[in-house]
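J.: Attaching a single structure in structure tokens format; questions to follow.
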Amino acid sequence: MLEDPPISSANHSAATPQIRCALMTPKPDGDPDLRSASLIGLILTQYHEPHRRELPQAIALARKVEAMHAAEPECPRGLADLLTFMLDDLESHQQREEQVLFPMILAGGSPMIRFPVQRMMAEHEDVEAQLLQLRTLTQDFSHPPGACATWRALTALCRKLDVDLREHMQIENQVLFAPFLD
Ligand SMILES: [Fe+2]
Ligand SMILES: [Fe+2]
């Protein structure tokens with residue numbers, strides 16, 4: 001019998017709608033530099049760090065489910081490999097945001113900044129394609145009736161990753177990056 005693994009996201013889930021609301025509502029008289037700095041801080045704590053923690057959790061759960069339920073038709077075969085690919089891809093993307101693009105934004109931008117911004121936005125489209133694969137492999141983020149605790153936890157975590165990654169990219173594209181494409 002597998003233990004019911006914890007999903008370390010309760011606080012984040014509760015905070016997300018408020019944070020999203022605050023981030024998506026521009027303050028007309030706000031200092032743009034301060035606004036970018038606080039936005040980047042929130043992106044790091046509410047999205048980058050949780051993704052780094054939760055994707056490995058999802059991979060471990062998927063490996064267990066694929067091993068334990070290999071003979072069942074609903075088994076999400078290939079899910080652990082997809083999540084591993086997503087983690088590797090996202091880690092590279094987030095590192096370049098943290099080490100190159102976010103410091104450029106905090107420094108007030110540069111004449112060349114539109115190129116890394118466009119690159120990051122193109123990579124977001126790649127993530128959206130990965131999320132479609134995730135939805136397909138998890139059968140619209142569902143599990144069979146009577147599924148074990150591990151499978152239920154995997155489904156919940158994959159659904160959370162989908163929501164969080166879409167919010168993360170929407171905030172970057174529409175709020176943080178958009179001013180540098182004018
Ligand atoms: Fe990001
Ligand atoms: Fe990004």
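The values are calculated or read from the model by the stated rules, or taken from the named source; none is laboratory data. All values reported here derive from a predicted model rather than from experimental measurement. So basically every Cβ, Gly included, is an ideal-geometry build from the backbone, and we count neighbours across all protein chains shown.
J.: When you go through Ala60, Ala71, Ala67 one by one, which is the residue that is more than 19 Å from Gln139 (Cβ to Cβ), among the hydrophobic types (A, V, I, L, M, F, W, C) and away from ligand 2 (no atom under 16 Å from the Cβ)?
T.: On inspection, the qualifying residue turns out to be Ala60.
J.: Pull out all pairs, ordered by first then second residue, where Cβ-Cβ is under 7 Å, the residues are six or more apart or on different chains, the first lies in the range 159-170 and is part of a helix (DSSP H, G or I), and the second is of a type in the set (Ser, Thr, Tyr) and modelled with pLDDT of 95 or more.
T.: Asp164/Tyr47; His168/Tyr47
J.: Within the range 8-25, is even one residue modelled with pLDDT under 50, polar (S, T, N, Q), surrounded by 12 or more Cβ atoms within 10 Å (Cβ to Cβ) and not in a helix (DSSP H, G or I)?
T.: Within the range 8-25, one or more residues are modelled with pLDDT under 50, polar (S, T, N, Q), surrounded by 12 or more Cβ atoms within 10 Å (Cβ to Cβ) and not in a helix (DSSP H, G or I).
J.: Looking at Leu176 and the list (1) of a type in the set (A, V, I, L, M, F, W, C); (2) part of a helix (DSSP H, G or I); (3) away from ligand 1 (no atom under 16 Å from the Cβ), which single condition is not satisfied?
T.: Single failed check for Leu176: (3).
J.: Within the group Ala129, Ala107, Ala156, which residue is under 17 Å from the mean Cα position of the chain (by Cα) and free of Cβ contacts under 8 Å to residues at least 12 places away in the same chain? First the steps, then the outcome.
T.: On the way: Ala107 fails: under 17 Å from the mean Cα position of the chain (by Cα); Ala156 fails: free of Cβ contacts under 8 Å to residues at least 12 places away in the same chain.
Just one listed residue meets the conditions, Ala129.
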